[in-house]
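Chemist: Sharing a structure below in structure tokens format, with a few things to ask.
Just so it is clear, none of the values below were taken in a lab; they were calculated from the coordinates. Every value quoted in this text rests on a predicted model; they were computed, and no experiment measured them. So basically every Cβ, Gly included, is an ideal-geometry build from the backbone, and we count neighbours across all protein chains shown.
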Amino acid sequence: MTDELLGIDNLSVSFHTRRGVVKAVRNLNLNIREGETLALVGESGCGKSVTAHAITRLVPMPPGVIESGIIRFRGTDLLSLPEKDMRSLRGSKISMIFQEPMTSLNPVFTIGAQIAEVFITHEKLGKKEAFTRAVELLDLVKIPDPAKRAKSYPHQLSGGMRQRAMIAMALASPEPGLMIADEPTTALDVTIQAQILQLLSELKERVGMALLLITHDMGVVAETADRVAVMYAGRKVEDAPVEELFANPRHPYTAGLLGCQCSAPSNQNAARLTSINGSVPDLLTLGEGCPFANRCDNVKSECMESFPDSSMAGEEHEFSCHNPISGSGASS
Amino acid sequence: MSDNMTKEIIEEEITPPAEPGFWKESWYQLTRNRAAMAGLIIISVFTLMAIFAPLAAPEDPLEQTIPARLTAPFTDGYILGTDDLGRDLLSRIIYGGRISLIIGVVSVSISLALGGVLGLVAGYFGGWVDRVIMRVIDIMLAFPYILLTIVIVAILGPSLMNAMVAIGISQMPRYARVLRASVMGEREQDYVLAERSLGTNNFELMFHTILPNALAPTMVQATLGVGEAILSSAGLSFLGLGAQPPTPEWGLMIASSKQFITSAWWVVTLPGIAILLAVLGFNLLGDGLRDILDPRLRD
């Protein structure tokens, strides 16, 4: 990989709770190139957000423990960086947008002041200048009448506006390299969702940053991502360019996820949507086998014993399965 | 989608009309809360009287007119009568307000500063820091409040300044507890994580991000605390551990004339009513502020 922006090698994150050790992320490898949009897909509790928090080193420790792994950002290992350097990286080169725009803004400050704060922290700007820059950013994220809105408190704004303000805050840096969007549209209604995604894509082009989009919505993935990584129970099970993944899923779980969409080919004439049987295994009692084995239609005996090494199907299509779906394109 | 089109659609999002600023809004809310307004008026009257005491008081509070001792209210031009040394009671009560307000504000400031920092640090960091601080606070809470105050005054020596310090220290645990509780609640909020993800350091997170959000319950506690500090200082002076004669301090006035309670009710009752009113004023305002200072309770 020539233009790698972020590289995660063999990352494992656990939470030591009273009930036992929860292995939230296991042996994860992930790459994001400069300017690329990578979608990280999976259901709740599969380790998507933990991965995002590990990148910014915001995993609460304790109880969180990073068991192993390297996270490289433009060549520097983030996990061994002193806290002070990490802080100056956060918000300037790596920034985050959160799922809940309703609660992710500080209720007692105006949004303008909050965005200005980032400039003051990272660029040591004066208050007035920082505020002017904040208003410019609000204009950039297409908030109407930004000068007036900058003086609004979060509770005076609608959900979509707040998410725009969050994005503006994440953009408040001279050279954003990576923006991590942790389910940025989950809390918004569908029309606003489309606008926010549109805005993110536009900004990405304009600023030239990479986007790590965490989501469980395959529709969102299809619209915005260049590449997709699918996670299940802490493991990455498949990783491919977006067209390739949709046309030619190799892991049964990916196929299952795609099958849950109304627009999936197999569901075109179906009376009911297909679903994946069973439920996510308890991360406390996970063994060495493939975590998807108990729900998989193609399960074989070795699936219970070991997690498969990753195999390649084509240049950029990687998957981990003992008994993959054949590459013909049929998904069930 | 083109730029213009996107903009048009956003324009359709509900855009609430701009609202007045925080202080204007707070003031408006305050005027609608009758109890809080009553409290504010009482406090304002006492404050004005305290500031303009030399103008408001008809006589010198220390001037003795022995022939006119224990004059009943509304006789011979003494509106509230005189005490056992013939000093004008109204003037003494007005000057006493000065002392009581200063005691209230200073001792609450002392306990806010001490308890606030301890509570903020304990609540923010948690873990062993929290455990150590809170056990110390628990030990302080285990002593009866007035006993603790008396012990501190006994160590420092009886004077008005030391009484303030003593009240400040012994009131400190409650601020630590109240602030710790609200900080612990705020610490887990999304916006704290969001702000941390923007590179904010611990100090700023504590004092700039979390403190303003966690302060409302503590401010209520502080307003109530001013009333209580006034009461405590009156108590200390009554016991001879606070203000010393001939200072016109309300508690001291009650103490020094308590033997006349059957013959001249006003010398004991009127300073008592002054204490009652001042404490009531702060309590009413404190309760009202609780509803007003929290932006999340607004519509």
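Chemist: Do the alpha carbons of any pairs in A:Lys142/B:Lys24; A:Lys93/B:Lys24; A:Lys204/A:Lys236 sit beyond 31 Å of each other, and which pairs?
Modeler: Values: A:Lys142/B:Lys24 29 Å; A:Lys93/B:Lys24 39 Å; A:Lys204/A:Lys236 25 Å.
Beyond 31 Å between Cα atoms: A:Lys93/B:Lys24.
Chemist: With the radius of gyration and the Kirkwood radius both derived from the Cα set of the protein assembly as shown, what is their ratio Rg to Rh? All intermediate terms of the calculation are to be shown ahead of the outcome.
Modeler: On the way: Rg = 33.1 Å, Rh = 28.9 Å.
Checking Rg against Rh, the ratio lands at 1.14.
Chemist: Now, a different point. Please state the charge dipole magnitude for segment A:81-130, taken about the Cα centre, from unit charges on C-beta atoms (+1 on K and R, -1 on D and E), reported in debye and rounded to the nearest 20. Display every interim value, and only then the final one.
Modeler: Numbers: 7 positive and 6 negative charges, 31 e Å.
Dipole about the Cα centre, nearest 20: 140 debye.
Chemist: Show the residues, 5+ positions off or on another chain, whose built amide H is closer than 5 Å to the amide H of A:Ser152.
Modeler: Under 5 Å from the amide H of A:Ser152: A:Ile111, A:Gly112.
Chemist: Let me ask something else about it. Specify which residue in the list A:Pro241, A:Val50, A:Ala210 is farthest towards the positive end of the charge dipole of chain A, using unit charges on the beta carbon of Lys, Arg (+1) and Asp, Glu (-1), about the Cα centre.
Modeler: A:Val50
Chemist: Above 23 angstrom, tally the Cα pairs of segment A:61-209 and express them as a % of all pairs, no decimals.
Modeler: Working: 4161 of 11026 pairs.
Roughly 38 percent, rounded to a whole number.
Chemist: On to the next question. Taking only the Cα atoms of segment B:198-294, how large is their convex hull per residue, in Å³?
Modeler: Working: hull volume 10.3 nm³, N = 97.
Spread over its residues, the Cα hull of segment B:198-294 gives 107 Å³ apiece.
Chemist: Please give every one of the aspartates and glutamates within straight-line cross-link reach of A:Lys151, meaning a C-alpha to C-alpha distance under 17 Å, and leave out same-chain neighbours fewer than 8 residues apart.
Modeler: Once the sequence-local aspartates and glutamates are set aside, what remains near A:Lys151 is A:Glu117, A:Glu129, A:Glu136, A:Asp139, B:Glu19, B:Glu25.
Chemist: How long are the semi-axes of the equivalent ellipsoid of chain B, defined as square roots of 5 times the Cα gyration tensor eigenvalues? Whole Å, largest first. Could the numbers behind the result be given before it?
Modeler: Numbers: eigenvalues 428, 139, 31 Å².
Semi-axes, largest first: 46, 26, 12 Å.
Chemist: Quick one: B:Met172, A:Met102, fewest Cβ neighbours within 10 Å first, how do they rank? Show your work: numbers first, answer last.
Modeler: On the way: B:Met172 23, A:Met102 18.
Listed from fewest to most nearby Cβ atoms, that is A:Met102, B:Met172.
Chemist: Rounded to whole Hz and in sequence order, give me ³J(HN,Hα) for segment B:46-61 from the Karplus expression 6.51 cos²θ - 1.76 cosθ + 1.60, θ = phi - 60°, writing x for Gly and Pro.
Modeler: Using θ = phi - 60°, the values come out as 4, 5, 4, 4, 5, 5, 9, 3, x, 7, 6, 7, x, 10, 6, x Hz.
Chemist: Continuing with the same structure: Using mean Cβ contacts within 10 Å as the protection proxy, how do B:254-265, A:305-316 order, highest first?
Modeler: By packing density, highest mean first, the sequence is B:254-265, A:305-316.
Chemist: How large is the Kirkwood hydrodynamic radius of segment A:39-85, in angstrom, based on all distinct alpha carbon pairs? Show your work: numbers first, answer last.
Modeler: Details: mean 1/r = 0.0844 Å⁻¹.
It works out to 11.9 Å.
Chemist: Would you tell me the mean number of C-beta atoms belonging to other protein chains that fall within 10 Å of each C-beta in A:105-115, as a whole number? Don't jump to the answer; show the numbers that get you there.
Modeler: Working: counts 4, 12, 8, 13, 6, 2, 0, 0, 0, 5, 1.
For peptide A:105-115, the averaged partner shielding equals 5.
Chemist: Now, a different point. Which one, A:Ser173, A:Gly219, A:Ile196, is farthest towards the positive end of the dipole of segment A:157-219 when Lys and Arg carry +1 and Asp and Glu -1 on their Cβ?
Modeler: A:Ser173
Chemist: Over all Cα pairs of segment A:128-268, how is the pair count split among 5 Å bins, expressed in % and running from 0 up to the last occupied bin?
Modeler: The calculated distribution, bin by bin, is 2, 9, 18, 18, 17, 13, 9, 7, 5, 2, 1, 0.
Chemist: Identify which of A:Gly219, A:Gly42, A:Gly278 has the largest mean-square fluctuation in a Gaussian network model of chain A, with springs joining Cα atoms closer than 10 Å.
Modeler: Checking each option, the largest mean-square fluctuation is seen for A:Gly278.
Chemist: Arrange the following residues from fewest to most other Cβ atoms within 10 Å of their Cβ: A:Glu123, A:Glu205, A:Glu244. Walk me through the numbers before you get to the answer.
Modeler: Values: A:Glu123 14, A:Glu205 10, A:Glu244 17.
In order of increasing Cβ crowding within 10 Å: A:Glu205, A:Glu123, A:Glu244.
Chemist: Follow-up question, since we're still on this one. Quick one: divide the alpha-carbon radius of gyration of segment A:92-140 by 2.2 N^0.38 Å and tell me what you get. Each step should come with its number before you reach the end.
Modeler: Values: Rg = 11.2 Å, N = 49, 2.2 N^0.38 = 9.7 Å.
Computed over Cα atoms of segment A:92-140, the ratio equals 1.16.
Chemist: Ranked highest first by the average count of other Cβ atoms within 10 Å around their residues, in what order do B:164-170, B:26-32, A:34-40 fall? Please list the in-between numbers first.
Modeler: Numbers: B:164-170: 24.6, B:26-32: 14.0, A:34-40: 21.9.
Highest to lowest by the protection proxy: B:164-170, A:34-40, B:26-32.
Chemist: Say the dipole of chain A comes from +1 at the beta carbon of Lys and Arg and -1 at that of Asp and Glu; which of A:Pro82, A:Pro107, A:Val299 then lies farthest toward its positive end?
Modeler: Final value for the positive-end residue is A:Pro107.
Chemist: What does the average come to when, for each residue of peptide A:92-101, you count the partner chain Cβ atoms lying within 10 Å of its Cβ? Intermediate values should be presented prior to the final figure.
Modeler: Details: counts 2, 1, 2, 4, 5, 2, 5, 1, 4, 2.
Other-chain Cβ atoms within 10 Å of each residue's Cβ, averaged: 3.
Chemist: Using Cα-Cα distances under 8 Å and only pairs 6 or more residues apart, what relative contact order does chain B have, in percent?
Modeler: Details: 431 pairs, mean separation 71.5, N = 299.
It rounds to 24 percent for chain B.
Chemist: On the Cα set of segment A:170-247, report Rg and Dmax in Å, please.
Modeler: Final numbers for Rg and Dmax: 13.1, 38 Å.
Chemist: Once Rh for chain A is found with the Kirkwood sum over Cα pairs, what is the Stokes-Einstein diffusion coefficient at 37 °C and 0.692 mPa s, in µm²/s? The partial results should precede the final answer.
Modeler: On the way: Rh = 20.9 Å.
The estimated diffusion coefficient comes to 157 µm²/s.
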